[in-house]
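The values are calculated or read from the model by the stated rules, or taken from the named source; none is laboratory data. Remember, predicted model here, so these are calculated numbers, not experimental data. We place every Cβ from the backbone using ideal geometry, glycine too, and count neighbours over all the protein chains shown.
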Ligand SMILES: *[C@@H]1O[C@H](CO)[C@@H](O)[C@H](O)[C@H]1NC(C)=O
Ligand SMILES: *[C@@H]1O[C@H](CO)[C@@H](O)[C@H](O)[C@H]1NC(C)=O
């Protein structure tokens, strides 16, 4: 994995001015309510799975993980998969027609038990390409479900009256592309922070309140020990609102 780390840090040098981050423009209240006639549910989490640029598109490791996910999914029958960002190495996708969608994603996770909604969040690498095209790809794919950069999933299990809210964030908008904690556009970052807090405030009646983002708050590996921006801004919110779990990618 050493060469992967080197390539990653080179690409991080791409200048922030090239990135376009749109304002939410009122489309922020994106919420996906799902009622399942089940007592319990399973979901899977895949992070930093974005294959390799052409001509390879995938990696042997990605295939191995996809196969293992398929086997586990056959037993567990997950209701959905969370895609934790860095969905397409190293520079995201160009447009909705980009063959990366097929060759790095659709053609790899082929198990029939993985043909469930995949709910993505953007990783830093995704922001080096056309991030918005990943949202638009929702209209093309049967399972890729990405309504906005940040959104909530509200699951209700009717047979056990159990509820779970998952708050999907975009940590690159919040904290910057290079995890140094400086957002690309502070106005847009603040819009999202306000939205996150509102979702947590409104989500107090859920049995489980889960927050998802690409960058970890704390990490024990290459990216650690802290993302200062998330540690300063997110950690207090997680505590104040009694969040059950924070799920992140990036560290691998
Ligand atoms: C930040 O985003 C807002 C909303 O889209 C925009 O009006 C503003 O010009 C942006 N600021 C910078 C410095 O790019
Ligand atoms: C997707 O990729 C697979 C394998 O690379 C190929 O067989 C298939 O035709 C492609 N589908 C589309 C819609 O491009």
Cβ-Cβ below 6 Å, separation at least six or inter-chain, first residue in segment 79-98 and on the phi > 0 side of the Ramachandran plot, second buried (at least 22 other Cβ atoms within 10 Å of the Cβ) and outside any loop (DSSP other than H, G, I, E, B): which pairs?
92/126
Residues 137, 155: which one is within 16 Å of ligand 2 (Cβ to nearest atom), in contact with a strand residue (DSSP E or B) (Cβ under 6 Å, 6 or more places away or on another chain) and at pLDDT 95 or above?
137
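Return the only residue of 41, 69 being more than 14 Å from ligand 2 (Cβ to nearest atom), part of a loop (DSSP other than H, G, I, E, B) and either free of Cβ contacts under 8 Å to residues at least 40 places away in the same chain or closer than 30 Å to residue 158 by Cα (or both).
41
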Within segment 84-98, is there a residue that is exposed (fewer than 15 other Cβ atoms within 10 Å of the Cβ), closer than 23 Å to residue 178 by Cβ, modelled with pLDDT of 95 or more and within 16 Å of ligand 2 (Cβ to nearest atom)?
yes
Expected single match for closer than 23 Å to residue 88 by Cα, in contact (Cβ under 8 Å) with a residue 12 or more places away in the chain and away from ligand 1 (no atom under 16 Å from the Cβ) among 171, 156 is 171
Let me confirm something: among 211, 196, which residue is in a strand (DSSP E or B), within 30 Å of residue 158 (Cβ to Cβ) and touching a residue at least 12 places away in the same chain (Cβ under 8 Å)?
211
